Amino acid sequence: MKLAQAFRKMRSLPRRFRQAQMIARALKSSRHPILAHIIPIRRCNLACAYCNEYDKVSNPVPMAEMVRRIDLLAALGTEIITFSGGEPLLHPDLDALIRHVRSHGRIATLITNGYLLSAERIRQLNRAGLEHLQISMDNVQPDHVSKKSLKVLDKKLEWLAEFAEFDVSINSVVGAGVQHPEDALVITRRALELGFETTTGTIHDHKGQLQPLQSADRAVYEQIQTERKPGFWAFAYDNLFQKNLAAGQPNEWQCRAGSRYLYICEDGLVHYCSQQRGYPAIPLEKYTAEDLEREYSTRKPCAPYCTVSCVHRVAMIDLVRENPRGALAGFFPPASPDESTKIPFGVKALSSLFLPAEDGRPQSALAKAMAAAVMRVLGIK
Ligand code: SF4
Ligand code: SF4
């Protein structure tokens with residue numbers, strides 16, 4: 001298993017480079033979507049009791065129509081295209097669609113319940129060029145609410161650890177409706193043991209709004225935070241959004257849904273997100289640069305208690321773009337009011353390359369030249 005993990009790390013280097021390019025482009029301009037979730041099929045093979053994103057009858061969106069939608073997203077400049085559902089692995093042409101995303105030079109990712117994965121299916125996804133896969137798990141043992149359970153999916157996780165050449169992330173959940181809060185910790189530990197990224201979401205209602213955490217949920221959440229050693233963005237995300245949500249507090253932020261994040265439903269309409277379908281509900285082929293610009297600054301009343309983490313993460317890039325030093329201070333807050341912000345060395349080094357000095361002095365000629373060289377290496381003009 002260790003060898004497979006080392007191999008996967010090595011194979012991921014070109015992907016990391018492409019991700020760095022994507023972030024550099026997103027930091028340079030706010031005029032294109034960073035992430036789009038696209039639904040190739042609304043049907044799902046499970047029936048989680050809390051879910052409002054599936055049915056039992058829909059046919060797959062025809063291949064030609066999906067290709068057209070991917071072309072439209074690429075024309076808008078969308079950086080990451082994620083297949084979601086329903087259960088996207090039920091779409092018969094999913095691999096060809098992943099290839100089509102890659103043919104545009106975009107990042108192709110997938111959110112699945114994992115039930116249809118096999119060793120061979122994982123190899124097929126490798127060959128198609130998939131770059132990231134996320135599975136969300138609700139409990140250890142299946143129950144009447146959800147069968148997205150570690151016990152059922154553990155073998156699939158082992159196959160992913162052994163065969164996947166793409167990044168794998170396992171999301172666990174805490175909050176109201178979860179019968180055994182400690183399950184999230186068991187799932188996180190197993191995912192870490194297998195070398196996967198981990199995230200922990202908070203349960204939301206049918207509008208994506210926070211359901212307050214009880215003390216047992218909060219204790220589990222805090223224990224997970226001490227064990228998972230998050231990377232830069234995950235650490236910053238926790239400080240900026242997740243800590244408040246875990247404490248039942250609102251977040252002060254600008255939701256960029258409809259602009260930097262798009263949700264394309266099975267009917268080809270653009271919505272803010274899966275929880276706010278119906279706004280603005282414009283057909284993708286009619287979605288223009290003006291729509292992107294309008295929604296960039298439209299205030300969404302659901303923002304303070306929103307739990308849609310992928311939209312939070314997208315918003316973080318624009319926080320850095322608009323006020324880099326302020327964003328860094330929020331990402332790495334002092335542990336107590338008497339301490340100053342503790343920004344990690346690597347981030348400090350990058351800041352000195354790309355940002356004017358804190359005292360307002362302009363960048364030195366050397367820093368400017370080095371920053372230009374980094375952008376050239378990334379292929380950003
Ligand atoms: S697996 Fe996902 S899409 Fe299917 S019912 Fe459960 S939460 Fe909804
Ligand atoms: S704040 Fe944005 S992402 Fe969150 S529920 Fe509202 S529209 Fe969706």
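No lab work stands behind these numbers, since they all come straight from the coordinates. Here the structure is a predicted model, which means the values were calculated and not measured. Don't worry about glycine lacking a Cβ; one is built from the backbone with ideal geometry, like all the others, and counts go over all protein chains shown.
Cys residues of the chain that find no other Cys beta carbon under 4.7 Å: CYS44, CYS255, CYS265, CYS273, CYS302, CYS306, CYS310.
Our helix-only sum for the chain, with -39,500 (n - 2.57) per DSSP H run of n ≥ 4 divided by its residues, gives a mean residue ellipticity at 222 nm of -12500 deg cm²/dmol. Pairs from the table (LYS28/LYS368; LYS156/LYS207; LYS56/LYS147; LYS207/LYS300; LYS56/LYS151) lying more than 22 angstrom apart at Cα are LYS156/LYS207; LYS56/LYS151.
Using the Cβ-Cβ distance between ALA367 and GLU293 with R0 = 35 Å, the FRET efficiency computed as 1/(1 + (r/R0)^6) comes to roughly 0.65. Could you tell me which residue out of MET370, THR288, PRO334 lies farthest along the dipole of the chain toward its positive end? Charges go on the beta carbon: Lys and Arg +1, Asp and Glu -1, centred on the Cα centre. Positive-most Cα among the choices belongs to MET370. When +1 charges are put on Lys and Arg Cβ atoms and -1 charges on Asp and Glu Cβ atoms, the dipole computed for segment 54-135 relative to its Cα centre reaches about 140 debye. The Rg/Rh ratio for segment 89-225, using Cα coordinates for both the radius of gyration and the Kirkwood hydrodynamic radius, is 1.00. Here the dipole of the chain is about 1140 debye; that uses its Cα centre as origin and unit charges on the Cβ of Lys and Arg (positive) and Asp and Glu (negative). Each label was represented as a point 7 Å from its Cα along the Cα-to-Cβ direction; for ALA281 and GLU158 these points are 4.8 nm apart. A Cβ-based charge dipole, computed about the Cα centre of segment 156-301 with Lys and Arg at +1 and Asp and Glu at -1, lands at about 480 debye. A Gaussian network model of the chain, with springs between Cα atoms under 10 Å, assigns the largest mean-square fluctuation among PRO334, PRO280, PRO60 to PRO334. With only the Cα atoms considered, the chain has a convex hull volume of 144 Å³ per residue. The spacing between segment 270-300 and segment 134-194, judged by their C-alpha centroids, is 32 Å.
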